[in-house]
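Data block below; observations after.
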Amino acid sequence: MSVAGQGPLGEQPGASGAQPSAQWKWHSGTLYGDAGQTLAAVTAQRLNVTSSSALTDGSELELGSSLDSPSASRFYLRATGPEGFTCEVRQAGLSVATLRARCADSKDPIMAVEERFYLLKRSTPLKRMRTIVAAVAEATEQRNGAVLSTNALFDTEPRFNGDLRVSFHRDIPLLDAIVLSYSCYLLDASPRIVRG
């Protein structure tokens, strides 16, 4: 997708990523793009973003998750990468039906952090399909968790074979899309997770 003038890991204006109408697929820990190219792969607590993801070079994101801790009672996923990129996805209530995410870039510690907020909501309580929306809230409302407006960015749909299909509607920064879709893959498509 085009992320003119913004984006983690030095994406240049016009860099390609998740464009509207794009279709991605998570399969066996690997994310594939429209043309079947590998965009990212998970190995031993790392999310390796490949150079075919339209980045100038491949990058590694370090992953931390509640799935790694037997004592954790609520889902969370945290990805950190070079140049100050972080993305945190957390369970919003008692179930994993709604997740809240915050992604940020901080290339320079003196400059302000560019934050983006998302909601990852299951379409219905009994299905594992999700709609990912950009949550636009004013600073005073963010503390209370209120969302003033939303824009649907992409949908995810788990398949019976353990794959997760990702269908884009709008532009979204590339690393945000990769981490958010991976969190849906962990919760909704992976057979080892049994949360409701």
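Every number here is computed from the coordinates shown, using simple stated rules; none is lab data. Remember, predicted model here, so these are calculated numbers, not experimental data. Glycine also receives a Cβ, built like all others from the backbone with ideal geometry; neighbour counts cover every protein chain displayed.
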Could you compute the FRET efficiency for Ser28 and Thr131, with r as their C-beta to C-beta distance and R0 at 22 Å, rounded to 0.05? 0.35
Taking amide H positions as placed 1.01 Å from N in the peptide plane, with prolines and chain starts having none, which residues 5 or more places from Tyr32, or on another chain, fall under 5 Å of its amide H? Lys25, Trp26, His27, Leu39
